[in-house]
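Visitor: Mind looking over this structure? Questions follow.
The values are calculated or read from the model by the stated rules, or taken from the named source; none is laboratory data. Bear in mind that the values here come from a model prediction, so they are computed numbers and not experimental data. Neighbour counts run over all protein chains shown; Cβ positions are idealised from the backbone, glycine included. Accessible surface is based on the protein model in full, side chains and every heavy atom, while ligands, DNA and RNA are left aside. Shrake-Rupley method; radii C 1.70, N 1.55, O 1.52, S 1.80 Å.
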Amino acid sequence: MEKLSISDLHIILVEPSDTQRKIITTLLLKESVKEIDPVSTFGEAKSAIRAHGADLVVSSMYFEDGTALDLLKFIKESDEFTSIPFMLVSSENRMSKLEEFKQAGVAAILPKPFEPLHLSRALNASLDLINHDELDLELFDVHDVRVLLVDDSKLARNHIRRVLEGMGLKRIKEAENGAMALTLIKDEAFDLVVTDYNMPEMDGRELSEFIRFNPETTHIPIIMVTSESADSMHMANIQQTGVNALCDKPFEPNEVRQMLSALLSN
């Protein structure tokens, strides 16, 4: 399939403020986006998506008839629309409010106001989700790499799986927490573990410690995916467990591609 460029994107822009719609539309046009479908409510957004789909949804946080989280769940829980990337644009800075968006696999979260550079990066991250480009590995056939994906959020697992499959990784097993992952690890061999940090029963740190200090699994590369701040105390403790790489949520394909190339080429 021919790869899309920014100028090819059909974007549905969901913004209740006339002023903000004009501002964001102007910035999108400056980035060479040509097809922008502006709407102001959750209902209008759903109708537009159902009528003609979209390559990307760019959405404010709150509307008169719902929230961006309602819209995101509508997209991600639909078999027809689940692959549409979602970009949140919001002045909201409370982590508790943004956490669900990070877990659900948004392409990007932009503040209001945002700089053109931030928008450009977010658009390119969205394109990475749309345009599939398989990894070229020296030591592995990428189709044979056995991946264990561990996250208690089904939406997050779906998003990460789509990113990995877009890079050619097809042999992916899923677990809802560290305890379930351990059961799989004891019965099967894996070449890579991608795990969330915060999970019930057994978290990502405990899982990583088991993998790293068990002679039979110590060689397996581990990518930790987390919405925690990279300089937090938790992250300092995690790095001491032997995690090979830390990846922020949202899970950016280009960043992950570089990590995988490094981890699976050694």
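Visitor: Can you confirm whether GLU201 is part of a loop (DSSP other than H, G, I, E, B) and either closer than 15 Å to GLY242 by Cβ or open to solvent by 40 Å² or more (accessible area, probe 1.4 Å) (or both)?
Guide: Details: part of a loop (DSSP other than H, G, I, E, B): yes; either closer than 15 Å to GLY242 by Cβ or open to solvent by 40 Å² or more (accessible area, probe 1.4 Å) (or both): yes.
When the stated conditions are applied, GLU201 passes them.
Visitor: Here is a follow-up. Between a residue in region 233-252 that is over 27 Å from ASN124 (Cα atoms) and modelled with pLDDT of 80 or more and any residue that is open to solvent by less than 30 Å² (accessible area, probe 1.4 Å) and part of a helix (DSSP H, G or I), which pairs come within a Cβ distance under 6 Å, given they are 6 or more apart or on different chains?
Guide: VAL243/SER208
Visitor: Across region 1-17, which residue is nearest to SER60 (Cα to Cα) among those that are in a loop (DSSP other than H, G, I, E, B) and touching an Asp or Glu at 6+ places or on another chain (Cβ under 7 Å)?
Guide: The qualifying residue nearest to SER60 (Cα to Cα) is PRO16.
Visitor: Next question, about the same structure. I'm trying to understand the selection: among the residues of region 24-45, which are without any contact (Cβ under 8 Å) to a residue 40 or more places away in the chain, open to solvent by 50 Å² or more (accessible area, probe 1.4 Å) and of a type outside the set (Gly, Ala, Ser)? Talk me through it step by step, then tell me what you get.
Guide: First, pick out the residues of region 24-45 that are without any contact (Cβ under 8 Å) to a residue 40 or more places away in the chain: 25-26, 29, 32, 34-45.
From what's left, open to solvent by 50 Å² or more (accessible area, probe 1.4 Å): 26, 29, 32, 34-35, 38, 44.
Answer for region 24-45, where residues must be without any contact (Cβ under 8 Å) to a residue 40 or more places away in the chain, open to solvent by 50 Å² or more (accessible area, probe 1.4 Å) and of a type outside the set (Gly, Ala, Ser): THR26, LEU29, LYS34, GLU35, PRO38, GLU44.
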